[in-house]
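Have a look at the structure below, then the notes.
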Amino acid sequence: ETGVTQSPTHLIKTRGQQVTLRCSSQSGHNTVSWYQQALGQGPQFIFQYYREEENGRGNFPPRFSGLQFPNYSSELNVNALELDDSALYLCASSWAPRDYGYTFGSGTRLTVV
Amino acid sequence: TQLLEQSPQFLSIQEGENLTVYCNSSSVFSSLQWYRQEPGEGPVLLVTVVTGGEVKKLKRLTFQFGDARKDSSLHITAAQTGDTGLYLCLSGGYQKVTFGTGTKLQVIP
């Protein structure tokens with residue numbers, strides 16, 4: 001098992017810019033989800049993909065969008081960055097999340113200045 | 001929208017002490033998972049509970065799922081410094097995922 005890998009690990013962007021974060025799922029996992037975690041708080045669910053289709057979304061605006069590819073890797077895109085978007089972005093994968101939970105990556109630390 | 005409240009929010013204890021962390025929901029859980037997160041890392045799954053009244057043990061950790069499936073607890077016996085971290089409960093898996101508010105545990109040697 002290779003686990004979940006995210007890139008880049010750290011990123012600094014300017015307000016108004018766009019950013020793409022990447023995630024490679026653990027082998028055999030067909031579900032991927034993304035989370036935003038502010039410092040000192042629990043993660044907030046952004047959205048989830050199952051077999052390349054979005055099948056769940058949290059309370060995030062449309063400028064947060066994503067993709068899941070045939071190899072089950074994934075991207076998170078954020079347009080028109082705001083200062084409040086500064087956070088740790090976590091990706092997680094699973095093959096049966098309700099019963100077997102998620103495997104998380106170490107995250108991408110995004111700073112918007 | 002399901003809300004998961006964890007208590008206490010912060011806990012600082014001496015090594016060797018016992019502790020319990022609680023996770024309470026505004027609605028019934030379909031399943032409930034517990035994770036531990038260390039600084040700079042993603043959460044790591046500790047356990048999944050599905051059946052009301054279920055009790056699972058993982059070495060010094062005991063997890064309980066309430067009969068009504070609206071609450072859960074995590075009990076740690078004889079805490080060690082390696083138990084330090086942010087403990088998170090999670091509900092979901094189908095279409096919507098909700099994390100609890102988190103309990104930050106510090107175990108002092």
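Within the stretch A:74-92, which residues are open to solvent by less than 20 Å² (accessible area, probe 1.4 Å) and either without any contact (Cβ under 8 Å) to a residue 24 or more places away in the chain or away from chain B (no Cβ under 11 Å) (or both)?
A:Ser74, A:Leu76, A:Val78, A:Leu81, A:Asp85, A:Ala87
At least 1 residues that are within 9 Å of another protein chain (Cβ to nearest Cβ) in each: list the strands (runs of 3 or more DSSP E) lying fully within the stretch B:13-60 that qualify.
Because the criterion is at least 1 residues that are within 9 Å of another protein chain (Cβ to nearest Cβ), the strands (runs of 3 or more DSSP E) in the stretch B:13-60 that meet it are B:32-37, B:44-49.
Out of B:Val44, B:Val28, which single residue is touching a residue at least 24 places away in the same chain (Cβ under 8 Å), among the β-branched types (Val, Ile, Thr) and surrounded by fewer than 17 Cβ atoms within 10 Å (Cβ to Cβ)? Outline the logic, then answer.
Working: B:Val44 fails: touching a residue at least 24 places away in the same chain (Cβ under 8 Å).
Answer to the check: B:Val28.
For residues in the stretch A:1-24 being within 13 Å of another protein chain (Cβ to nearest Cβ) and part of a loop (DSSP other than H, G, I, E, B), which is most open to solvent (accessible area, probe 1.4 Å)?
Going through the stretch A:1-24, the residues within 13 Å of another protein chain (Cβ to nearest Cβ) turn out to be A:3-6, A:9-10, A:23.
When the remaining residues are screened for being part of a loop (DSSP other than H, G, I, E, B), the result is A:3-4, A:9.
Working: A:Gly3: 17, A:Val4: 19, A:Thr9: 85 Å².
By that ranking, first place goes to A:Thr9.
If we keep just the residues of the stretch B:67-84 that are of a type outside the set (D, E, K, R), free of Cβ contacts under 8 Å to residues at least 60 places away in the same chain and open to solvent by 10 Å² or more (accessible area, probe 1.4 Å), which is nearest to the other protein chains (Cβ to nearest Cβ)? Outline the logic, then answer.
In the first step, residues of the stretch B:67-84 are kept if they are of a type outside the set (D, E, K, R); the result is B:68, B:72-82, B:84.
Applying the additional criterion that residues be free of Cβ contacts under 8 Å to residues at least 60 places away in the same chain yields B:68, B:72-77, B:82, B:84.
This time we only want the ones that are open to solvent by 10 Å² or more (accessible area, probe 1.4 Å), so: B:68, B:73, B:75, B:77, B:82, B:84.
Working: B:Ala68: 18, B:Ser73: 17, B:His75: 20, B:Thr77: 23, B:Gly82: 19, B:Thr84: 15 Å.
Residue satisfying both the conditions and the ranking: B:Thr84.
Looking at (1) under 24 Å from B:Trp34 (Cβ atoms); (2) open to solvent by less than 80 Å² (accessible area, probe 1.4 Å); (3) of a type outside the set (Lys, Arg), which is the one condition that is false for A:Ser65?
Looking at each condition in turn, A:Ser65 falls short on (1).
Can you report the number of residues in the stretch A:38-56 which are of a type in the set (A, V, I, L, M, F, W, C) and in contact (Cβ under 8 Å) with a residue 24 or more places away in the chain?
3
Take the stretch B:53-104 and flag every residue that is among the hydrophobic types (A, V, I, L, M, F, W, C) and either over 11 Å from the mean Cα position of the chain (by Cα) or within 30 Å of A:Arg51 (Cβ to Cβ) (or both).
Narrowing the stretch B:53-104 to residues among the hydrophobic types (A, V, I, L, M, F, W, C): B:55, B:58, B:61, B:63, B:65, B:68, B:74, B:76, B:78-79, B:86, B:88-90, B:97, B:99.
Scanning the stretch B:53-104 gives B:Val55, B:Leu58, B:Phe65, B:Ala68, B:Ala78, B:Ala79, B:Leu88, B:Cys89, B:Leu90, B:Val97, B:Phe99.
How many residues does the stretch B:88-109 contain that are within 10 Å of another protein chain (Cβ to nearest Cβ), assigned to a strand (DSSP E or B) and not charged (D, E, K, R)?
Going through the stretch B:88-109 one residue at a time, the tally reaches 9.
The values are calculated or read from the model by the stated rules, or taken from the named source; none is laboratory data. This is a predicted model, so every value here is computed, not measured. Positions of Cβ are generated from backbone atoms using ideal geometry, with glycine treated the same way; all protein chains shown enter the neighbour counts. Side chains are part of the model used for accessible areas, which takes the heavy atoms of the whole protein and leaves out ligands, DNA and RNA. Shrake-Rupley method; radii C 1.70, N 1.55, O 1.52, S 1.80 Å.
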